[in-house]
Ligand code: MRU
């Protein structure tokens, strides 16, 4: 199962709002359709958002191929601004946009059609590299998973959240492939239910034993000694290792710390943001209260009642046992130890 397919002309996105009930592909042929799909979370997960945005730029650039160079560059600016306004927290979005902008700057002397061709190649590289990166994350993380481990994970960090294979779910996949006989507790992940709908779906397809639990069951499971480790993905990691991830991650890290259970973060180096010193500088996306007040379009709360919906939270580095990337693992991360990864993204 893949989050997206690029056919050379248009971007097909698997509508993740419909899963697992229906497998429905949306065909995007312009940047606005891609931006809307990111905003409405038809495509979601930090690396997948970055790759989708890159293809959005390709399609926008192609539509502007006949303009003169200045107009073309202005149009690229507008396209990138539009995509950058879709979701604020996952840094992979800004990383992918910046990667393409830098490429254009370096090759500004070329003709517009040649630049458009370079953008296409770059977007394709972002997608194919991400799969290889996730496999390396899996290899680097696998030694941290003991045989028979009962693993708790949150949100969805698999093929659907990336270009393929996954980050935290990539480590889980690698441990399973290594014959470690692991089992997974999948947090349902309120309010979007990425765990119940997407992680459970992916693991079931791979025949990795998975049991869904509601987010509030984690503490009880840990107290009963039924969790050996927690592993999650990341949307943005600050220079000191503070990590933004799906809302509920911080609570898991506090619980894991209290119960002396290892808490791992698995992410590509494109999720690192060395421009910010700590997690305090990470913008947390505030989504609509309606997404909390309704489930599957059915209202669950009394009319007129308020709800809060921060989509992410920040886990301080002191609660993280190790950050696993494709370039290596930083144990007990802090500002000094994270230096090892600087410039590697
Ligand atoms: O709101 P989402 O579904 O885009 O949030 C996704 C997450 O928080 C993931 O854990 C994170 O992006 C890592 S995905 C490899």
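Just so it is clear, none of the values below were taken in a lab; they were calculated from the coordinates. As the structure is a computational prediction, the values presented were derived from the model and not from experiment. Note: ideal-geometry Cβ built from the backbone for every residue, glycine included; neighbour counts use all protein chains shown.
Run the helix sum for the chain: -39,500 (n - 2.57) per DSSP H stretch of 4+ residues, divided by residue count, reported at 222 nm to the nearest 500 deg cm²/dmol. Provide the component values of the computation, followed by the final result.
Values: 11 runs with 129 residues, N = 345.
After summing the helix terms and dividing by residue count, I get -11500 deg cm²/dmol.
With angles folded into 0 to 90 degrees, how steeply does helix 69-84 sit against the dominant principal axis of the chain? Use alpha carbons for both and round to 10.
Computed tilt is about 20 degrees.
Taking the beta-carbon count within 10 Å as an exposure proxy, list 202, 142 from fewest neighbours to most.
Details: 202 24, 142 19.
Lowest to highest Cβ neighbour count: 142, 202.
Roughly how tilted is helix 249-258, in degrees to the nearest 10 and between 0 and 90, from the longest Cα axis of the chain?
Roughly 30 degrees between the two axes.
Could you grab the relative contact order for segment 140-344? Cα pairs under 8 Å, six or more apart, rounded to a whole percent.
Answer for segment 140-344 is 21 percent.
Quick one: angle between helix 91-106 and the longest Cα principal axis of the chain, in degrees between 0 and 90, rounded to 10, please.
30 degrees
May I have the pair-distance distribution P(r) for the chain, computed from all Cα-Cα distances with 10 Å bins from 0 and rounded to whole percent?
The percentages, shortest bin first, are 6, 26, 34, 23, 9, 2, 0.
Rounded to the nearest 5, what % of DSSP beta bridges with both residues in the chain are antiparallel?
Details: 20 of 39 bridges.
Around 50 percent of the beta bridges assigned by DSSP in the chain are antiparallel ones.
Take the chain, connect every pair of alpha-carbon atoms lying under 10 Å apart with a spring to form a Gaussian network, then pick out the residue of 177, 251, 294 with the largest mean-square fluctuation.
Largest GNM mean-square fluctuation: 294.
Given segment 140-344, what whole percent of its Cα pairs are spread farther than 25 Å?
Details: 7236 of 20910 pairs.
Tail of the P(r) past 25 Å holds 35 percent of the pairs.
Based on DSSP, what percent of beta bridges with both residues in segment 140-344 are antiparallel, to the nearest 5? Walk me through the intermediate numbers first.
On the way: 13 of 32 bridges.
The answer is about 40 percent antiparallel.
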